[in-house]
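Some notes on the structure that comes next.
Just so it is clear, none of the values below were taken in a lab; they were calculated from the coordinates. Given the structure is predicted, the values throughout are model-derived calculations rather than measurements. For neighbour counting, all protein chains shown are included, and Cβ atoms are generated from backbone atoms with ideal geometry for every residue, glycine included.
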Amino acid sequence: MTVEAEAGRLKTEADEPGWEVDPDDEWGVAVIETVGRQLKLRREAVGMRAADFGSAVGYGEDMVRKIEGGKRIPRQDYLNTADEVLSAGGLIAATWEDVKKVRYPKRVRELGKLEGKAVEIGVYECNIIAGLLQTPEHARALIQAAQPPYSEDDVERMVAARLARQSVFERDPAPSLHFVLEEAPLRRQVGGTMVWRQQLERLLEVGKLNNVTLQVMPTNADAHPGLDGRIELLKFPDGTAVGRSDGLFNGRPVSDPKQLRILELQYGTIRAQALPPRESLAFIEQLLGET
């Protein structure tokens, strides 16, 4: 295909896969259906056929109808171009403010919402570096390693969703954050040496923040309650809490005080066995010095 033909080709689902609306996401469905309806009404009001409108915005007719029918999540550039084509005076472009709130998977949004409300967050990770601490390149390398592989579009969407959760570091007042990471994932050069070094540098940067405690669990440590997998605890201003453990309660979130006490006991034991914060940062600096 020539450059000219490629430039004139209309985008299809093959070009932008993975932006379907989750039918179980009621709020997401409602938002995308409303935006799609507005697009269709605007298009019909100016007398444009779907095919002609698609040509004007650079998409195939099938994609246009799926977006208008609330079956596909429109991109920001689609909404901006549609606004210009339909002379909407910024009204269509403004719908991105609603769309961007539901463009990530429901479970990621729900986790981000909880993290955004928590005054204290504790995370132990067994096999990877915690998502709240990952650099974009490290996150992308991890997600691309999945089998069966995700499409590139899905990868970018998941990376963006993971990074969006890191806005927790920008909150004011800042929450108390503590992490325990295993030594083995710190040594694994995910994404290559440069990406690995950047990730370790990010850990040092975050670990020095006043509201962050970062600890490393050395490989030669005794057995501890986290060997079954990830543990996380989130505490809120009203005194309530939510926790989850891969090894307990079938991995589902729990808020019952008795179950939370068990998770707190496990997490407390893990923190006690890990290296102290100062020694942990020195350990990460040592890893950096080995390359």
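A compact table of results
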item: Cα-projected label distance for E44 with A184, points at 7 Å along beta-carbon direction, nm; result: 5.9 nm
item: Solution diffusion estimate, µm²/s, Stokes-Einstein, the stretch 153-196, Kirkwood Rh from C-alpha pairs, 4 °C, viscosity 1.567 mPa s; result: 98 µm²/s
item: Fully extended contour minus Cα-Cα distance, from A51 to A221, at 0.36 nm per residue; result: 54.8 nm
item: Greater than 23 Å apart at Cα, pairs in K100/K235; K40/K113; K235/K258; result: K100/K235; K40/K113
item: √(5λ) per eigenvalue of the Cα gyration tensor, the stretch 16-102, largest first, Å; result: 20, 14, 11
item: Alpha-carbon centroids, the stretch 161-186 and the stretch 188-262: separation in whole Å; result: 9 Å
item: Cβ crowding within 10 Å averaged over residues, with 37-43, 229-235 ranked highest first; result: 229-235, 37-43
item: Kirkwood-based shape ratio for the chain, expressed as Rg/Rh from alpha carbons; result: 1.06
item: Cβ-Cβ FRET estimate between F249 and A272, R0 fixed at 25 Å, reported to 0.05; result: 0.65
item: nm² value of the averaged projected area, convex hull over the Cα atoms of the stretch 26-176; result: 10.9 nm²
item: E290 paired with A30, simple spin-label distance in nm, labels 7 Å along Cα-to-beta-carbon; result: 5.2 nm
item: Global form of the stretch 94-229, assessed from the alpha-carbon gyration tensor, a/c cut-off 1.5; result: oblate
item: Sites K208 and K100 - FRET efficiency at Förster radius 22 Å, r taken between beta-carbons, to 0.05; result: 0.10
item: Distance (nanometres) between label positions extended 7 Å along Cα→Cβ at Q76 and L114; result: 2.8 nm
item: Beta bridge orientation in the chain: antiparallel %, DSSP, nearest 5; result: 50 percent
item: Mean separation of Cα contacts under 8 Å, 6 or more apart, over the residue count of the stretch 208-291: relative contact order %; result: 36 percent
